[in-house]
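Here's the structure, in structure tokens; my notes come after.
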Amino acid sequence: MTEPIRYRIIPKSPEAHLFEVSCTVADPNPEGQCFALPAWIPGSYLVRDFARHIVSIRAHRGTAARAGAALPLKRIDKHTWCAQSSGVAPAASGAKSGPITVTCEVYAWDLSVRAAHLDATHGFFNGTSVFLRVAGREDRRCEVEIVRPAGATYRRWEVATSMPRRRAPAWSFGLYGADDYDELIDHPVEMGTFTRGTFTARGAPHDVAVTGRHRADMPRLLRDMKTVCEQHIDFFRTPAPMKRYLFLVTAVGEGYGGLEHRASTALLCSRNDLPHVGMKQSTDGYRTLLGLISHEYFHTWNVKRIKPAAFTPYDLNRENYTTLLWAFEGITSYYDDLALVRSGLLTHGQYFEAIGRSVTQLLRTPGRRKQSVSDSSFDAWTKYYRQDENSPNAIVSYYGKGSLAALCLDLHIRERTAGRRSLDDVMRALWRRHGLTGAGVTEDGVERVAEAVTGLRLGRQFAAWLRSTAELPLKALLATHGIALGLRPAESAADKGGRKSSRDGAALRARPVLGARGKAFGGEYKLTHVLAGGAAEEAGLAAGDAVIAVDGVRAGAGGLDALLATRRPGERVELHAFRRDELMTFRVTLRAPEADTAYLAVDAAADAVRGSVTRRLRERWLKTAARRPA
């Protein structure tokens, strides 16, 4: 029987944030065995060069427990090392070399869902950050011994991971396993003291581990998570595609993020976003958290199993380009909140507010006129995940606009087929044809499946909404379902949209805008972004400028909004700002605000004209959850 690749990971020095990780291969390549650490982690499309966190690395004959003679390692590139053939076995002798082990120290101080973090309070890692890939042995079975850190301080620590246990009690240190390297790096690990909970969704056990100080109402959280999970399982009309699922939740003061895996997800949230005992109404923060949970869970189907052909298999050494991230992230972003309203965790009004905020965010992104969501998907590696001060002017989010393009596709299909077909049917067909078979989705695969399932010609819509910078026909398509989309100027820089303003239109139009975004720091206001075509750009202001005064009055904690509150569009003001260490003067002609703040509401007039047609379409879209097969 072929020997597995054996790993051993020890939180060797929590106070110094160091994991010690060893990798043993029983039958190394006699001509020289190479080891490499991934350059990126699936689900986060940026080359992060995890090997830069390797502090030291060495190789020796034998196993991790029984070390033999040291072997020389030669670094081949930024993330690859090779044990030299002269130190393993003569290539011409035909002799078996015996096992070799490579051991490295990994610095772990990235408190995110993407990498690794270790201190005296907890440890967390993704396999891409710590486990070396054995070149030529990627399909080999893997075993991992997760070792408790030394000392009485850590005697109460537990382990939370979806990785199958081999010789480890539940929630404990010990031996775990994976069928191959791809699976090995798809099970993040949390260790420490955490709050545990469990629920069953359509027969599949789901565990939750919450790390960090919190006062969460765990029964409510588990009940709502169960509702979300059952909604998604029912949506695809098949059993859950995993035997067990794990939510790893890290609660911090301020934070937000998630990363999907085949049988788990790692989530980062603000502790105040968790529900607390006695909370009667769900807060904005809790609804945002439920949306994140819904998003990452939907990924269990859409991107972990329904994958672009470019990801089958992943090449972890370099970028993997696809124009389809709008479908795998944008469609997932569409269904995350839609699942909440369908399952009763959001009201229709709250859902309309969420759509309004998404539309507002898109309209306030000048880059939507420069980049399509298809191009945004392809450019994720160099633009979306490497944003700078000019990003709002140059790019569009395949999450945000992708979700609104998915909304347009869904409403268009429903209206054209009188509600008989929808994007729901397209997603289920993608699951049958690609998720269950493992066949990757070609670059035109979503369009082809959508046309086959609906019987509609959708080439014009895909070209305009996804492959061009044309504006989405949101107003017209929402109207077919009896929903009015309204636009107004923002009330303030903090206005995210989603609601109709209580102020009249004339008052909103009288608020002047600078065409820049920034943050107040002490007695100055630093510009973070200068928007294309705005008053600030016209006057010569730039991102990084620290505005200290307007017409001789200091810009204090209230920022520019407070100083400009009494001005009117068309007025000319003088701004003093530091650029680097030089004081500069800018004369700015203030602009009238654009109607870029969106809100939605049921259109009673449209319902009156079209009667039951719009109401029926709307009810099918929002209320009718997928039924489980008999």
Candidate lysines for bridging to Lys78, where Cα separation is under 25 Å - those fewer than 8 sequence places away on the same chain excluded:
Lys12, Lys383
Which net charge results for the neighbourhood of Thr614, defined as the other residues with beta-carbon distances under 9 angstrom from its beta-carbon, given Lys and Arg at +1 and Asp and Glu at -1?
+2
In nm², the average projected area of the convex hull spanned by the Cα atoms of region 390-498 is 8.9 nm²
Theoretical FRET efficiency, 1/(1+(r/R0)^6), r = Cβ-Cβ of Ala562 and Ala418, R0 60 Å, to 0.05:
0.70
Euclidean distance between Cα centres, region 472-507 to region 328-374, Å
14 Å
With the charge dipole of the chain built from beta-carbon charges (+1 for Lys and Arg, -1 for Asp and Glu) about the Cα centre, the Cα from Phe247, Val277, Ala266 projecting farthest to the positive end belongs to Val277
Per-bin percent of Cα-Cα distances, region 343-445 [5 Å]
2, 11, 15, 17, 19, 16, 13, 6, 1, 0
Run the dipole for region 5-193 about the Cα centre, Lys and Arg Cβ at +1, Asp and Glu Cβ at -1, nothing else charged, and hand back the magnitude in debye, nearest 20.
540 debye
Distance between Cα centroids, region 13-77 to region 164-210: provide it in whole Å.
24 Å
What number comes out for the charge environment of Thr585, summing +1 per Lys or Arg and -1 per Asp or Glu over other residues with Cβ under 12 Å away?
-2
How tilted is helix 348-363 with respect to the longest principal axis of the chain? Cα atoms for both, answer in degrees (0 to 90, nearest 10).
90 degrees
Here FRET efficiency (C-beta to C-beta, Thr283 to Lys370, R₀ 41 Å, nearest 0.05) is 0.70
When the helices in the chain are scored as -39500 (n - 2.57) per DSSP H run of 4 or longer and the sum is shared across all residues, what 222 nm value do you end up with, to the nearest 500 deg cm²/dmol?
-7500 deg cm²/dmol
Sequence neighbours fewer than 8 away in the same chain don't count; with that in mind, list the aspartates and glutamates whose C-alpha is under 18 Å from Lys519.
Glu254, Asp388, Glu389, Glu491, Asp495, Glu537, Asp545, Asp561
How many nm separate the modelled label positions at Thr528 and Thr382, each set 7 Å beyond the Cα in the direction of the Cβ?
2.6 nm
Compute the long axis of helix 445-454 from its Cα atoms, compare it with the longest principal axis of the Cα atoms of the chain, and write down the angle in degrees, 0 to 90, nearest 10.
60 degrees
Against the 2.2 N^0.38 Å rule of thumb, the C-alpha Rg of region 5-193 sits at a ratio of 1.00
Subtracting the Cα-Cα distance from 0.36 nm times the residue separation, let me have the gained length for Ala170 to Thr195 in nm, one decimal.
7.5 nm
Counting Lys and Arg as +1 and Asp and Glu as -1, each charge on the Cβ, what is the dipole of region 197-465 about the Cα centre in debye, to the nearest 20?
500 debye
Violating pairs (Cα-Cα greater than 22 angstrom) within the set Lys307/Lys475; Lys307/Lys496; Lys370/Lys401
Lys307/Lys475; Lys307/Lys496
Test of understanding: ordering Arg386, Arg421 by Cβ neighbours within 10 Å, fewest first, what list do you get?
Arg386, Arg421
In degrees, nearest 10, range 0 to 90: what is the angle between the Cα axis of helix 284-298 and the longest Cα principal axis of the chain?
50 degrees
Once you charge only the Cβ atoms, +1 for Lys and Arg and -1 for Asp and Glu, what is the size of the charge dipole of the chain about its Cα centre, to the nearest 20 debye?
1420 debye
With Cβ to Cβ distances under 11 Å as the rule, what net charge do the other residues near Ala484 carry (K, R +1; D, E -1)?
0
Expected sort for His60, His348 with the fewest Cβ neighbours (10 Å cutoff) up front is His348, His60
The cysteines in the chain that find no other cysteine Cβ closer than 4.7 Å to their own Cβ are Cys23, Cys104, Cys142, Cys229, Cys269, Cys408
Ranked from fewest to most other Cβ atoms within 10 Å of their own Cβ, Val147, Val208, Val359 fall in the order Val147, Val208, Val359
Any idea which of Val453, Leu404, Ala490 is furthest toward the positive side of the dipole for region 364-514, if Lys and Arg beta-carbons carry +1 and Asp and Glu beta-carbons -1?
Ala490
Once the convex hull of the alpha carbons of region 197-465 is built, what does its volume come to per residue, in cubic angstrom?
135 Å³
Region 403-447 and region 211-274 have their Cα centres apart by a whole-number Å value of 25 Å
Name the long-range amide H neighbours of Arg262: under 5 Å, sequence gap of 5 or more, or other chain; modelled H, no Pro or chain starts.
none
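No lab work stands behind these numbers, since they all come straight from the coordinates. It should be emphasised that the depicted structure is a prediction, and the values quoted were computed from it without experimental measurement. Virtual Cβ from ideal backbone geometry, glycine too; neighbours counted across all protein chains shown.
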